[in-house]
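One structure is given below, encoded as structure tokens.
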Amino acid sequence: MKFLFRNNETHVEALDFKKLSKVDKNKEAIRRATFTNVEYKGIYKALRTYCAKSHKKIDEDERLTREIVRHYILIATSSSLCVSEQRQLRWSDVDIERRQTNGKQRVLAKIRVRAETSKVRNNRVFIAEAESTLNA
């Protein structure tokens, strides 16, 4: 408007708008949101069905591919890994532990994220529990 006013293209020098307050959309909370126990249970049950041996139309290679996809999704939903960090994991980054707790077998995966593959260049370790042993 000031440019137009200086060049005699308009008689209005400026427009006076009411100042609006900033709206906090809490983007960080949305970005960091995780699944509820009910949502997670629905995901792992659907993935179990997706990989079931009872599917007559899929061969063993297809079933194994589905199992890999299933584990990829389960790790993604229950960890703080970025997609690039998860894609760069190696088998040597994962240790499987079986523990007996209250007469119940628990399967735990200790996953190490190497600094060179981390988005923030820090090593970190977290423990993931197999979905069959969750109480969700």
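Some points to look at:
- Taking the fewest neighbouring Cβ atoms within 10 Å as the starting point, the ordered list for 93, 16, 59 is 16, 59, 93.
- Structure-derived P(r) over Cα pairs in 5 Å bins from 0, in percent - corresponding label in (i) 2, 7, 12, 13, 14, 13, 8, 4, 3, 3, 4, 4, 4, 4, 3, 1, 0, 0; (ii) 2, 11, 19, 22, 18, 15, 9, 3, 1, 0; (iii) 2, 8, 13, 13, 12, 11, 10, 10, 8, 7, 4, 2, 1, 0: (i)
- Rounded to the nearest 10 degrees, the inclination of helix 37-51 to the longest alpha-carbon principal axis of the chain is 60 degrees.
- The charge dipole of the chain, taken about the Cα centre with unit charges on the Cβ atoms of Lys, Arg (+1) and Asp, Glu (-1), comes to about 320 debye, rounded to the nearest 20.
- Principal-axis analysis of the Cα atoms of the chain puts helix 60-78 at an angle of about 50° to the longest axis.
- Furthest towards positive pole of dipole, 83, 127, 94, structure part the chain, Cβ charges: 127
Only the coordinates and a few stated rules stand behind these numbers; no lab work does. All values reported here derive from a predicted model rather than from experimental measurement. Heads up, the Cβs are rebuilt from the backbone with ideal geometry, glycines too, and the neighbour counts pull from every protein chain shown.
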